[in-house]
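Read through the structure below, which is laid out as structure tokens, and then see the notes.
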Amino acid sequence: MPLVLCRVDDRLIHGQVVIGWGRPLAARRILLVDDEVAANPWEQDLYRMAVPDDVAIVVANSADASTAVAGWQAEPVRSILLTGSIETLVALYAADPVAVHRINLGGIHHRPGRSERLPYIYLSPAEYDALLDLEAQGADVTAQDVPSASPVGLRALA
Amino acid sequence: MSDTLRGVVVCHGTVAAALVHATEQISGLSGHLVPVSNTGCDRESLEARIEEAVAGQPAVVFVDMASGSCLIATLRRLRERPDVAVVTGVNLAMLVDFVFHLSLPPAAAAEHAATSGGKAIRQP
């Protein structure tokens, strides 16, 4: 299972991802899918500073990632797939519903149009419906910021 | 808040508020440091908090970790500001030094504070 975590977190690479999840999952690669970061080498360097030397980072835009996700799953590297966008997650799931089967909502913060579902999860009605649709297609969607917390099912976020 | 150099402390959780409070208790000087927490923020909203705290003034931004969301937000929003310097690994000694050197230019104040903060890390 090379993809050991598929996470939506709008802070992208930060302590909860690198330390909170990366260590217990023994992840050796973070696959960061973000159009803005993918277009900005300076910002990529900044995110590389945030991970230990023995953890690789691959940065891809959403289109390239949708093409690459099956290959990532086939590679024998324990990897965290990370995006800040539910829209991107939906595209990744469509590209490979097996690899992106279990979806972790780790941090989606307040923006206009979103309402609080958990202290670290805010969703608009459209975003919630999109996640419900993924669940209807077979995805396992839970909210869980850190491994020590209990996962919260999608229905409890209604 | 005076018109002298401003210090902005950006940390996870409530660390920044505690550091600012302790610095004011030790130094007897208040109003020179602004705490910023990353709690409840995505990247954009944290950047907005930091920018609001800097308030367009010359400043030194003290960040808790040398990587992660606080540093990334700070650099994304302020890296092109020549009158803003950034120091990571903030500690109490660093902030106490800073509030006594508010007349320095930002880069010099940052270097002075970083030196003091580094000297405070020992294994006695």
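Summary table below
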{"quantity": "Filter pass, B:Leu71 being over 12 Å from the mean Cα position of the chain (by Cα), assigned to a helix (DSSP H, G or I), closer than 14 Å to B:Val8 by Cα and facing chain A (nearest Cβ under 10 Å)", "calculated": "no"}
{"quantity": "Members of segment B:87-111 that are assigned to a helix (DSSP H, G or I) and either among the aromatic types (Phe, Trp, Tyr) or more than 13 Å from the chain's Cα centre (by Cα) (or both)", "calculated": "B:Phe98, B:Ala108"}
{"quantity": "Residue identified as aliphatic (A, V, I, L, M), in contact (Cβ under 8 Å) with a residue 24 or more places away in the chain, in contact with a Leu (Cβ under 6 Å, 6 or more places away or on another chain) and crowded, with 18+ Cβ neighbours inside 10 Å among B:Val90, B:Val99", "calculated": "B:Val99"}
{"quantity": "Scope segment A:120-158; condition surrounded by 14 or more Cβ atoms within 10 Å (Cβ to Cβ), among the hydrophobic types (A, V, I, L, M, F, W, C) and in a helix (DSSP H, G or I); matching residues", "calculated": "A:Ala130, A:Leu131, A:Leu132, A:Leu134, A:Leu154, A:Leu157"}
{"quantity": "Residues within segment B:74-85 that are at the interface with another protein chain (Cβ under 10 Å from one of its Cβ atoms) and not in a helix (DSSP H, G or I), tallied", "calculated": "1"}
{"quantity": "Residue that is farthest from the other protein chains (Cβ to nearest Cβ) [pool: residues in segment A:102-119 that are in a strand (DSSP E or B) and exposed (fewer than 14 other Cβ atoms within 10 Å of the Cβ)]", "calculated": "A:Ser115"}
{"quantity": "B:Gly13 being at positive phi and either more than 10 Å from chain A (Cβ to nearest Cβ) or free of Cβ contacts under 8 Å to residues at least 24 places away in the same chain (or both)", "calculated": "yes"}
{"quantity": "Counted residues, segment A:14-31 - those being within 22 Å of B:Asp64 (Cβ to Cβ) and among the hydrophobic types (A, V, I, L, M, F, W, C)", "calculated": "5"}
{"quantity": "Residue under evaluation B:Thr88, criteria (1) polar (S, T, N, Q); (2) away from chain A (no Cβ under 13 Å); (3) closer than 23 Å to A:Arg11 by Cα, criterion not met", "calculated": "(2)"}
{"quantity": "Filtered residues of segment B:17-68 (kept if closer than 19 Å to B:Val84 by Cα, among the hydrophobic types (A, V, I, L, M, F, W, C), in a loop (DSSP other than H, G, I, E, B) and within 14 Å of chain A (Cβ to nearest Cβ))", "calculated": "B:Met65, B:Ala66"}
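We did not get these values from a lab; they are worked out from the coordinates using the rules stated. All values derive from a computational prediction rather than experimental measurement. Methodologically, a virtual Cβ is constructed for each residue, glycine included, from the backbone with ideal geometry; neighbour enumeration extends over all protein chains shown.
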